[in-house]
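Step one of this worksheet: look at the structure below.
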Amino acid sequence: MLGLSVEQLRADMNRLLAILFHQGVLDEQFLQLQQLQDESSPNFVSEVVTIYFHESEKLLRNLRALLVDKELSDYKKMGIHLNQLMGSSSSIGAQRLRNVCAAFRAASELNNRPGCLRALELLEYEYCYLKNKLHEFFQIEQQRMLAAAVRYPAPQQHRNNPQG
Amino acid sequence: MKKGGRKISALVVDDDRVIRVVEEKLLVRFGLETKVAKNGKEALDLFVAGNTFDFVVMDMEMPVMDGPEATRALRARGVDCMIVGVTSRGDGPEKAEFEAAGLNCCWEKPLNAQIVGTILDKLAKKLS
């Protein structure tokens, strides 16, 4: 036996999700994503989240580059990037990230550079936290799927090993 | 979902890839046939090329051609299908302008199963 319990791993996943919901990091839209996962797209959630991380990192780099330019901060462009990040964050249920984007957008609309810098720091922190936690979640999910495969082996193994 | 034997069709218009993927999957789950466009101009081009849809999910802020402009252009062409606006902005002048462009309704993102259900109910009433 590998010592991996499917039930234990499922409990770990649920516990992690409960923490993230309790912290307001995720909201019920994440559950909507899970409900869209089915036999035709068994890895839908992790695929969407991977796209989200890829796109978000580009947007965060662009935002930092725009703010670093002290002479001419293009607040309009910042607003465009923030709008995208807000929309995609809300579509995967990344509630806290979405809320920080809203505050950042409000600061950019007032051309408030210190406010934007503070919001960017917070955005980058929240992004790292979310990314780490979701990676942890998907790692446990993979372990659970492996454990389930071991627990329910293919039929031919039973024929050759009646003890198994 | 079917309308007279064929599937209900929808067009998702959004510049954000994550949103396109999620909204398309959500609509397909409801049994719809879907296409996607990255901005208002691509959406307009699809109609000009002769495509028709039962409804359009139109993002408000997009490059090249935004939601309000695309909605006005579609209505000016005589497109009378449902156009549902989605925006990351709550109530305010931008949303009001978007609605005035010719939307049937407007929702705050994210699109979810409850909103799609409401849209399909409105569509059923519109068609009956």
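The values are calculated or read from the model by the stated rules, or taken from the named source; none is laboratory data. All figures in this text were calculated on a predicted structure; none of them were measured in a lab. No Cβ is skipped: glycine too gets one built from the backbone with ideal geometry, and neighbour counts run over all protein chains shown.
In the list A:GLU47, A:GLU71, A:GLU55, which residue meets the criterion of being surrounded by 16 or more Cβ atoms within 10 Å (Cβ to Cβ) and either assigned to a helix (DSSP H, G or I) or away from chain B (no Cβ under 12 Å) (or both)?
Details: A:GLU47 fails: surrounded by 16 or more Cβ atoms within 10 Å (Cβ to Cβ); A:GLU71 fails: surrounded by 16 or more Cβ atoms within 10 Å (Cβ to Cβ).
The unique qualifying residue is A:GLU55.
What number of residues within segment B:99-128 satisfy the criterion of being in a strand (DSSP E or B) and out of contact with any Phe, Trp or Tyr (no Cβ under 7 Å at 6 or more places or on another chain)? Spell out how you get there, then give the answer.
Restricting attention to segment B:99-128, the residues satisfying the condition of being in a strand (DSSP E or B) are B:105-108.
Restricting the remaining residues to those that are out of contact with any Phe, Trp or Tyr (no Cβ under 7 Å at 6 or more places or on another chain) gives B:105, B:107-108.
Result for segment B:99-128: 3.
Within segment A:22-44, restricting attention to residues that are farther than 17 Å from A:LYS131 by Cβ and part of a helix (DSSP H, G or I), the residue that is farthest from the other protein chains (Cβ to nearest Cβ) is A:HIS22.
Quick check on B:LEU120: is it within 16 Å of B:ILE8 (Cβ to Cβ) and either among the basic types (Lys, Arg) or crowded, with 16+ Cβ neighbours inside 10 Å (or both)?
Working: within 16 Å of B:ILE8 (Cβ to Cβ): yes; either among the basic types (Lys, Arg) or crowded, with 16+ Cβ neighbours inside 10 Å (or both): yes.
Against the criterion (within 16 Å of B:ILE8 (Cβ to Cβ) and either among the basic types (Lys, Arg) or crowded, with 16+ Cβ neighbours inside 10 Å (or both)), B:LEU120 qualifies.
Could you please find all residues in segment B:38-58 being among the acidic types (Asp, Glu) and either under 14 Å from B:GLU99 (Cβ atoms) or at pLDDT below 95 (or both)?
None - no residue of segment B:38-58 is among the acidic types (Asp, Glu) and either under 14 Å from B:GLU99 (Cβ atoms) or at pLDDT below 95 (or both), so the list stays empty.
Of all residue pairs spaced 6 or more apart or on separate chains, those with beta-carbon atoms under 9 Å, a first member in segment A:110-135 that is more than 15 Å from A:LEU85 (Cα to Cα) and a second member that is surrounded by fewer than 19 Cβ atoms within 10 Å (Cβ to Cβ) and of a type in the set (Val, Ile, Thr) are A:LYS133/A:ILE19.
Here B:ASN104 passes the criteria (1) within 11 Å of the chain's Cα centre (by Cα); (2) surrounded by 19 or more Cβ atoms within 10 Å (Cβ to Cβ) except the one numbered (2). Yes or no: B:ALA70 small (Gly, Ala, Ser) and in contact with a helix residue (DSSP H, G or I) (Cβ under 9 Å, 6 or more places away or on another chain)? Judged against the criteria, B:ALA70 is a match.
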